[in-house]
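Presented below is the structure to which this report refers.
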Amino acid sequence: MTELPDGDLQLEDGTIIPAAKRQKTEVYSRVVGYLRPVAQWNKGKKAEWKDRVVFRADGARAEANETNNVQTRRQ
C-alpha cells in the first residue's frame, strides 16, 4: 500500500481508494488484562507496538503485509 500525496491510497494491485471513502479504524490491544485503544497509548508503548514481530503457526515469520492482519485478529 502507498498513500498518495492527495490522501488517496494505492493498493498493490493498482486499485486506488479515494481519501473520501477511507475511514480510520480503532485498533485495540490487551495490556495487563485490559483492552485499550492503541491510539491512547503513550509514545513508548506505541513504539513497542511497531517493533512487534509476528510469526505464523508454521513457525515462519509473517510478511510485513500479513503482520497487521494477524495482530488485529489476535486481539
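The values are calculated or read from the model by the stated rules, or taken from the named source; none is laboratory data. This is a predicted model, so every value here is computed, not measured. So basically every Cβ, Gly included, is an ideal-geometry build from the backbone, and we count neighbours across all protein chains shown.
Could you please find all residues in region 1-53 being part of a loop (DSSP other than H, G, I, E, B) and among the hydrophobic types (A, V, I, L, M, F, W, C)? If the condition is that a residue be part of a loop (DSSP other than H, G, I, E, B) and among the hydrophobic types (A, V, I, L, M, F, W, C), then 1, 4, 11, 27, 32, 41, 53 are the ones that fit. Scanning region 26-37 for residues that are free of Cβ contacts under 8 Å to residues at least 24 places away in the same chain and surrounded by 11 or more Cβ atoms within 10 Å (Cβ to Cβ) yields 31, 36. Residues that are surrounded by fewer than 11 Cβ atoms within 10 Å (Cβ to Cβ) and within 23 Å of residue 12 (Cα to Cα) were ranked within region 64-75; the one that is modelled with the lowest pLDDT is 73.
The number of residues in region 24-49 that are under 12 Å from the mean Cα position of the chain (by Cα), modelled with pLDDT of 85 or more and of a type in the set (D, E, K, R) comes to 2. Among residues of region 7-25 that are surrounded by 11 or more Cβ atoms within 10 Å (Cβ to Cβ), those with a beta-carbon under 7 Å from a residue that is among the hydroxyl-bearing types (Ser, Thr, Tyr) at least six positions away or on a different chain give the pairs 10/2.
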